[in-house]
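Accompanying notes for the structure given below.
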Amino acid sequence: MEKKRFYITTPIYYPSDKLHIGHTYCTVATDAMARYKRLTGCDVLFLTGTDEHGQKIEDKAKEAGVTPQEFVDRIVTGPKGVLDLWKLMDISNDRFIRTTDSYHVTAIQRIFRKMYDNGDIYKGKYVGKYCKPCESFWTESQLVDGKCPDCGREVVDAEEEAYFFRLSKYADRVQHLLEDTDFLEPRSRVNEMVNNFIKPGLEDLCVSRTSFTWGIPVDFDPGHVVYVWVDALSNYITALGFMNNQYDDYEKFWPADVHFVGKEIVRFHSIIWPAMLMSLGEPLPKKVYGHGWLLLDGGKMSKSKGNVVDPYILAEMFGVDALRFFLLRTFPFGSDGNFSNELLINTINVDLANDLGNLLSRTVSMVGKYFGGTLPEDQAEDPEKDAELVAMASALRGRYEEQMEKFQFQNALAEIFKVIDRANKYIDENAPWVLARDMEANGPRLARVMYNLLETLRISAVLLTPFIPGSAAKVLDQVGACQGCRTWESVGEWGALSRTVTVSRGENLFPRVDMEKALAALEAKAEEAKRAALPDLELEPQLTEKVDFDTFCKSDFRAVKVKACENVKKSAKLLKFTLDDGTGADRQILSGIAMWYKPEELVGKTLMAIVNLPPRKMMGLESNGMLISAVHTEKGEEKLNLLMLDDKIPAGAKMC
Ligand code: MSP
């Protein structure tokens, strides 16, 4: 029988800033869904990628002094770039699209032309507002308090010749799609779309720009580049081979089963995207699911908070699976959730270390201790004592499936942990250590108790595979599950695990995390990452204001030799210098450089000083002049070097 197909996508990411745990959230959720569908036997295509055009990228590349292509290449394929992150997070995407891929570029030009040829794209003049960071055009009436309704930032006036897409023509069909079908979920997002965008009147959409060049040129009017959202949304079909020869999967996989997208881009996916497809005469995706945001301290995650939520740091500290698990176990997918490290550690400790980890290590070690690692054939059921656990574990796949089909990851995991909790209770109820006191009488019963625990662990671990693929496989290894009892079919009923199974005790898969130590370590790592991200070298900008030569010549710079140097009492900064300035009388200068030099290392050195500054008192001591030093900033830290002269220069020599 042919396998059922399942095509799932994540939004393609802007390679403008480093990805944080919020971006990781959606991709991990998509990955869990894709793995679940593969487990159930579907032929899955999971697509992700990067959205690489637009003014924001062009501006950032300019800032960085590289071409836009070099800029995106570094962030996508460079070290710790997007591809590395997905590898680290064990993301099982089948395809990765970059909107700079040449097949995509060609396909976008064809798509644009087709919509132009059918009259849905026309040339006009754009007058309105533009939000640079979001790359979104807005009409005056759509602004909120004069600012971008999506991100709340300033918008700028924009006027230019542009192509427009007749979005207004599709308003009724899109409204019907949203209101009368389950195209957009959760349902709560439907009202927002209809009331905020469709009912006030859907205006035609500006779909080309002439004010920058980093985009896909309209091939029949090359001064124009295609609006980045038209370019980006089409990735879902170009990656299948639509209007290009790179792939041949369009017939097989389109329409997509679901696009997972963050709530702020639901508008593009549920209004503009279906209208574009209607214009092209192509089928619509079956569903768009708008998930919530992970918030930090109640607000949006941002670059400035980046180090706190760096997935590399979190995965390194807690492990990739723990991080994946936390994201999907803690927050309901459709709503916003508050991220915190405390919550992350708590979830690891309660669910993974305490509940699952303990159940596994207790069970496997008891099978080792009481049966030498292999259960005997002779086992005694006790229907009364076993019934509830067996019933719960047997029904688990169905309950889990019901939640997974609705993308309710949190609930699906809750179902698994109900069973795991029940199994832990089952250990206490059956007190294997008491049964073990008389193996002759109780051996068969003890063997059955152990079997029931292993079987529960097996079923749970198979269903956990989409969430924690690496660890779930290790759980299955430890409980002795054969390949045949790691399948979807095998968890549909109780008893697939061999009665005489052999366990293999392994590492502790989910060690408990010491909250205080871990929080301190995280803070230190975030600090370290912040420093590492600082520029290597920062120099004071040069002054542009000119100083005339005569004024400059009024400054009397001399070579001075250090006769004595000591710390000024009660001052952490000041050093007191006694200097030979060539006049025969000692000169005293105070200098705030104690952070960088020890007094004894300066005695005997030849330095440079300006000697005709008016005297100045510091800490009750008089300073007559100033020593000259070079200052710069390295990795955020101020550095100072005294200007040291050749010792053969005599004290008092004038610098000119
Ligand atoms: N390039 C567009 C998508 C084009 S799809 C045709 C884009 N990229 S993005 O990099 O800014 O965001 C990618 C996804 O990450 C979005 O779905 C966005 O909602 C999601 N998230 C970014 N920050 C997030 C959180 N803090 N929490 C959850 N998801 C978040 O938009």
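For the stretch 46-68, what are the residues that are open to solvent by less than 20 Å² (accessible area, probe 1.4 Å) and within 16 Å of the ligand (Cβ to nearest atom)?
Correct list: F46, L47, T48, G49, T50, D51, E52, H53, G54, I57.
Can you say whether E316 is more than 30 Å from S504 (Cα to Cα), open to solvent by 50 Å² or more (accessible area, probe 1.4 Å) and either part of a helix (DSSP H, G or I) or more than 14 Å from the ligand (Cβ to nearest atom) (or both), as far as the supplied structure shows? No: the conditions fail for E316. If I ask for residues that are farther than 21 Å from V72 by Cβ and outside any loop (DSSP other than H, G, I, E, B), which ones from the stretch 92-111 would you list? Correct list: R110, I111. Among the residues of the stretch 342-370, just one is open to solvent by 20 Å² or more (accessible area, probe 1.4 Å) and within 16 Å of the ligand (Cβ to nearest atom), namely L343.
Does the stretch 65-82 contain at least one residue that is assigned to a helix (DSSP H, G or I) and basic (K, R)? Write out each step before concluding.
Step one: list which residues in the stretch 65-82 are assigned to a helix (DSSP H, G or I), which gives 68-77, 82.
If we keep only those that are basic (K, R) as well, we get 74.
For the stretch 65-82, residues assigned to a helix (DSSP H, G or I) and basic (K, R): present.
When you scan the stretch 462-508, how many residues do you find that are charged (D, E, K, R) and closer than 25 Å to F409 by Cβ? Write out each step before concluding.
Residues of the stretch 462-508 charged (D, E, K, R): 474, 477, 486, 489, 493, 499, 505, 507.
Narrowing the set further to residues that are closer than 25 Å to F409 by Cβ leaves 474, 477, 486, 489, 493.
Number satisfying all stated conditions: 5.
Of the residues examined, R324 is not one that is open to solvent by 10 Å² or more (accessible area, probe 1.4 Å) and among the basic types (K, R). Here N641 meets each of (1) open to solvent by less than 60 Å² (accessible area, probe 1.4 Å); (2) modelled with pLDDT of 95 or more; (3) in a strand (DSSP E or B); (4) not hydrophobic (A, V, I, L, M, F, W, C) with one exception, condition (1).
Just to be sure before I move on: is P200 part of a loop (DSSP other than H, G, I, E, B) and within 16 Å of the ligand (Cβ to nearest atom) in the structure I sent?
no
Only one entry of V155, V261, V228 meets the criterion of being at pLDDT below 95 and within 30 Å of the chain's Cα centre (by Cα), and that entry is V155.
Among the residues of the stretch 175-197 satisfying the criterion of being β-branched (V, I, T) and outside any loop (DSSP other than H, G, I, E, B), which is farthest from V266 (Cα to Cα)? Even if it seems obvious, please write down each step before you answer.
As a first pass, look at the stretch 175-197 and keep what is β-branched (V, I, T): 181, 190, 194.
With the extra rule that they be outside any loop (DSSP other than H, G, I, E, B), the set shrinks to 190, 194.
On the way: V190: 10, V194: 12 Å.
The qualifying residue farthest from V266 (Cα to Cα) is V194.
The residues of the stretch 12-27 that are open to solvent by less than 10 Å² (accessible area, probe 1.4 Å) and within 10 Å of the chain's Cα centre (by Cα), listed by number, are I21, T24, Y25, C26, T27.
Within the set L284, L277, the sole residue that is more than 12 Å from the ligand (Cβ to nearest atom), open to solvent by 40 Å² or more (accessible area, probe 1.4 Å), outside the structural domain of Q175 (by TED's automatic domain parsing) and not β-branched (V, I, T) turns out to be L284.
The values are calculated or read from the model by the stated rules, or taken from the named source; none is laboratory data. In this text the structure is predicted, and so the values were computed from the model without any measurement. Because the Cβ atoms are built from the backbone with ideal geometry, glycine has one as well, and the counts that use them run over all protein chains shown. Keep in mind that these areas ignore ligands, DNA and RNA; they rest on the heavy atoms of the full protein, side chains included. Shrake-Rupley method; radii C 1.70, N 1.55, O 1.52, S 1.80 Å.
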